[in-house]
1. Among Lys141, Lys56, Lys117, which one moves the most in a GNM of the chain with springs linking Cα atoms closer than 10 Å?
2. List, in the order given, every pair from Lys30/Lys56; Lys56/Lys117; Lys56/Lys152; Lys53/Lys156; Lys56/Lys108 whose Cα-Cα distance in the structure shown is over 25 Å.
3. When the dipole is taken about the Cα centre of segment 5-177, and only Lys, Arg (+1) and Asp, Glu (-1) are charged at their Cβ, what size is it in debye, to the nearest 20?
4. Which of Trp77, Trp169 comes first, and how do the rest follow, when ranked by fewest Cβ neighbours within 10 Å?
5. Sort out for me the Cα centre separation of segment 1-47 from segment 103-180, rounded to whole Å.
6. Among His19, His44, His120, which one shows the biggest mean-square fluctuation in a GNM of the chain, springs joining Cα atoms closer than 10 Å?
7. Collect residues whose amide H, placed 1.01 Å from N in the peptide plane, falls under 5 Å from the amide H of Lys5; neighbours closer than 5 in sequence don't count.
8. Need one word for segment 75-143: rounded, prolate or oblate. Basis is the Cα gyration tensor (sqrt eigenvalues a ≥ b ≥ c); a/c below 1.5 gives rounded, then a/b vs b/c decides.
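Derivation of every value follows stated rules applied to the coordinates shown; laboratory data play no part. Worth saying up front: this structure is predicted, and the values here are computed from it rather than measured. We place every Cβ from the backbone using ideal geometry, glycine too, and count neighbours over all the protein chains shown.
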Amino acid sequence: MLRPKVLLLHGWGGSDYPHWQSWLAGELAKDYGQVCFPLLDNPHFPTKNRWMKQVKEILEEFNPDVVICHSMANSLWFHLCEEAEIKAVKRLLLVSPPRNNLDLRQIKTFYPAPFPKKLHAKEVTLVTSTDDPYLTQDEAKEMSIALSAPMKVIQKGGHLNAESGYGEWPWVLQWVKQAK
């Protein structure tokens, strides 16, 4: 069975255990999957240009089939799509993206984040929650339309992180395994 090469991109502060991205990386590795789950530079005080440089290098070297972004990594992906020549991936999962005009001093270099015309992926899925503090459902619908991406809505999932109970997340593992 051919296993996809999966790149996991965390948001602000990282996605340490027990976050679902950390769990997913372990589950993929247990099955001899090829997974890249880098700790991006200075995750608590990130800058867009440093993260973009780092991720462009990772994309070039690792050449993933699947990219899974959580939180601010979605904004990073949007900037990469607009500003960089990146190779298209087979599948892209955008989980809990924040609004594109988020106003937080610590991460101000990432915003505003554009809705790119092209997401550099053959298949895209957007996953949001009805009570995410960083994205209302109206904003999520607008994003889904602007990105031409189908949306899966989780009821009362918060920011879909460890704090809202998303450690083990079998759905996302199944989503990865469906990659062809």
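1. Between Lys141, Lys56, Lys117, it is Lys117 that shows the largest mean-square fluctuation.
2. Values: Lys30/Lys56 27 Å; Lys56/Lys117 19 Å; Lys56/Lys152 28 Å; Lys53/Lys156 35 Å; Lys56/Lys108 20 Å.
In this structure, Lys30/Lys56; Lys56/Lys152; Lys53/Lys156 lie more than 25 Å apart at Cα.
3. Numbers: 19 positive and 20 negative charges, 65 e Å.
Computed about the Cα centre, the dipole is about 300 debye.
4. Working: Trp77 24, Trp169 20.
Listed from fewest to most nearby Cβ atoms, that is Trp169, Trp77.
5. 16 Å
6. Comparing His19, His44, His120 in a Gaussian network model of the chain, the most mobile one is His44.
7. Those qualifying (amide H under 5 Å, at least 5 residues apart or on another chain) are Asp65, Val66.
8. Details: a/c = 2.33, a/b = 1.26, b/c = 1.85.
The shape class here is oblate.
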